[in-house]
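J.: Supplied in structure tokens, the structure appears directly below.
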Amino acid sequence: MQLIVNIDDLGLTEKVNESVVACFKVGVVQSTTIMMNQPATDHAIELIKQGLIPNVGLHVTLTSGKPVLDASLVPDLVDSGGFFLKQDKVIAAETLSFEQAYSEFKAQYDKAIDAGINITHIDSHHFAAVFPPYKKAFIAFANDIGIPVRRVDHVTSGCADLTVPTTEKFSARFYDEGVTLARLQALILEFNAEIPNGTLELMSHTTLAGDMLLPTLSSYVDKRVDEFNILTSQALKDWLEVNRIECVSFTSVN
């Protein structure tokens, strides 16, 4: 089985970015996705330009910070302060503008391309782009861009409308209580038995100890350090080799 461990949230803080660099050096992690509207986005772009973070995808962001477009162009997607609607508001919404969502997706993608990033794939922060109010717009956008995406059936069923490649399986279980080496190993073995010749994507969220900015931006803090420690451990790397799990990036998805 091939395994993609993708670190979400590149660009959130500088320590998040530095943790991604360190994970890439070890080699279990070979994929990450960047947020284009966060405090450390520019720092992440500099690291990418230095060649320290290869295989970068786009982490489309709809529930954190402000849109790339002027808020007046996407009024359905923002609150009175011009910030994106929070996750609970998106989930509760029956419909949100297809055109506004598509335009913001494209603006974030264009900003990444204009920054010189060779985007390898696309996913979304908080899975917001695959919530029902946004899913049709996201699938249309992904199909038009034509590069691999994270599966869009994690929140609601249905990948049939996608015309771009994706992995055979995706799991969000390496998160919170699932963040132990033993549980990660059990998760990988479970999917290895199910898709021995396929590709599994696991999402991850890492940072380094002492990330003082992170609590102002995310409720998921301490476990990020635990994830980092596991993903950079020799124990995990050796175990993956023994079990013939090949660590790859989305450049292998076609």
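J.: For the range 83-121, give me each residue that is more than 22 Å from S249 (Cα to Cα) and of a type in the set (G, A, S).
T.: A92, A93, S97, A101, S103, A107
J.: Looking at the range 74-101, I want the residues that are surrounded by 19 or more Cβ atoms within 10 Å (Cβ to Cβ) and have a partner that is polar (S, T, N, Q) with Cβ atoms under 6 Å, at least 6 apart or on another chain. Which pairs are those?
T.: The qualifying pairs are V74/Q100; L77/Q100; F84/T63.
J.: In addition: Could you list, in sequence order, the residues of the range 171-187 that are part of a helix (DSSP H, G or I) and among the hydrophobic types (A, V, I, L, M, F, W, C)?
T.: Hits for the range 171-187 are L181, A182, L184, A186, L187.
J.: On to the next question. When both residues are 6+ apart or on different chains and their Cβ atoms are under 9 Å apart, which pairs have a first residue that lies in the range 193-212 and is more than 17 Å from S249 (Cβ to Cβ) and touching a residue at least 12 places away in the same chain (Cβ under 8 Å), and a second that is in a strand (DSSP E or B) and not hydrophobic (A, V, I, L, M, F, W, C)?
T.: Close Cβ pairs satisfying both conditions: E194/K169; I195/K169; N197/Q2; H205/D8; H205/D9; T207/D9.
Here's the yes/no breakdown for (1) among the acidic types (D, E); (2) more than 19 Å from P148 (Cα to Cα):
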| site | (1), (2) |
| --- | --- |
| S19 | no, yes |
| P54 | no, no |
| D88 | yes, yes |
| F98 | no, yes |
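J.: Is there a residue being within 22 Å of S97 (Cα to Cα) and not hydroxyl-bearing (S, T, Y) anywhere in the range 171-183?
T.: No, that holds for no residue.
J.: Filter the range 90-129 down to the residues that are aliphatic (A, V, I, L, M), closer than 16 Å to D76 by Cβ and either in contact with an Asp or Glu (Cβ under 7 Å, 6 or more places away or on another chain) or part of a helix (DSSP H, G or I) (or both) and list them by number.
T.: Across the range 90-129, the qualifying residues are V90, I91, A92, L96, A101, A107, A128, A129.
J.: May I pose another question? I'm checking my understanding of the structure. Among residues of the range 188-228 that are among the β-branched types (V, I, T) and assigned to a loop (DSSP other than H, G, I, E, B), which one is surrounded by the most Cβ atoms within 10 Å (Cβ to Cβ)?
T.: T206
J.: Please go through the range 43-67 and give me each residue that is of a type outside the set (K, R) and either assigned to a loop (DSSP other than H, G, I, E, B) or in contact with a Cys (Cβ under 8 Å, 6 or more places away or on another chain) (or both), ordered by number.
T.: The answer is Q50, G51, L52, I53, P54, N55, T61, L62, T63, S64, G65, P67.
J.: Would a scan of the range 155-163 turn up a residue that is hydrophobic (A, V, I, L, M, F, W, C) and exposed (fewer than 15 other Cβ atoms within 10 Å of the Cβ)?
T.: Yes, there is a match, as at least one residue in the range 155-163 is hydrophobic (A, V, I, L, M, F, W, C) and exposed (fewer than 15 other Cβ atoms within 10 Å of the Cβ).
J.: Criterion first (crowded, with 18+ Cβ neighbours inside 10 Å, of a type in the set (V, I, T) and touching a helix residue (DSSP H, G or I) at 6+ places or on another chain (Cβ under 7 Å)) does T33 satisfy it?
T.: When the stated conditions are applied, T33 does not pass them.
The numbers here are math on the coordinates, done by the rules we state, and not lab data. None of these values were measured; they are calculated from a predicted model. Reconstructed Cβ throughout: ideal geometry from the backbone, glycine too, with neighbour counts over all protein chains shown.
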